[in-house]
Every structure is written in C-alpha cells, then in structure tokens.
Amino acid sequence: MAEQRALRAPIDHEVLLGEIQHLLGALADVETDFAVACEERGWSASGEGAPSPDRKTLEAERQRRREPLIRRLDSLDRACRALQAGNAA
C-alpha cells in the first residue's frame, strides 16, 4: 500500500500543479479583462473615486468570475498540503 501511494504522489503532484497553473492563468485573464474594460471607459482599475453604477456592475462581474476560481485554488491548496503530509509520513 505504501509503495502504491509513493507511486501516485508524483502523478498527483503533477496534476495538481497543472490545475493550479491553469487556474492562475484564468485569474490573470479575469484581472486583465477587468483592467481593459476600465481603461476603455477611462477608469482606474484600482478603483479610485466614487464608483458609478456601471463600475459596480463591472466589479460584480469580476467578482462573479473570480469566486469559483479562488474556491478551487483553496481546495487545491488543501490537497497539496495533504499530499505533502502523506509523503512525509
């Protein structure tokens, strides 16, 4: 059983790493889309000034797209930590 777990660990690690990289890329896309949309409207992406209704809508869309990615990253972080703990045993 320990041998089987040892054989699976590198595969699991590679899969986790690939998914983390994919999710980080998706997050970067969300942030880039938001920054471009702000720039097209002449707004600062940092959110300076009083937000207009259009700005609030754009920020809500950004948050809607980010939340599932962040939740999945948190889940993968826990999986990586469990994998590390399993390999240390």
ask   = If each of GLU39 and ALA79 carries a label point 7 Å out from its Cα toward its Cβ, how far apart are those two points in nm?
value = 3.4
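Between GLU67 and ASP54, what is 0.36 nm times their sequence separation minus the Cα-Cα distance? Round to one decimal in nm. List each step's numbers first, then the result.
Working: separation 13, 0.36 × 13 = 4.68 nm, distance 2.01 nm.
Extending this stretch completely gives an extra 2.7 nm.
Every read-out reported here was derived from the displayed coordinates using simple, explicitly stated rules and does not represent laboratory data. Computed from a predicted structure; not experimentally measured. Note: ideal-geometry Cβ built from the backbone for every residue, glycine included; neighbour counts use all protein chains shown.
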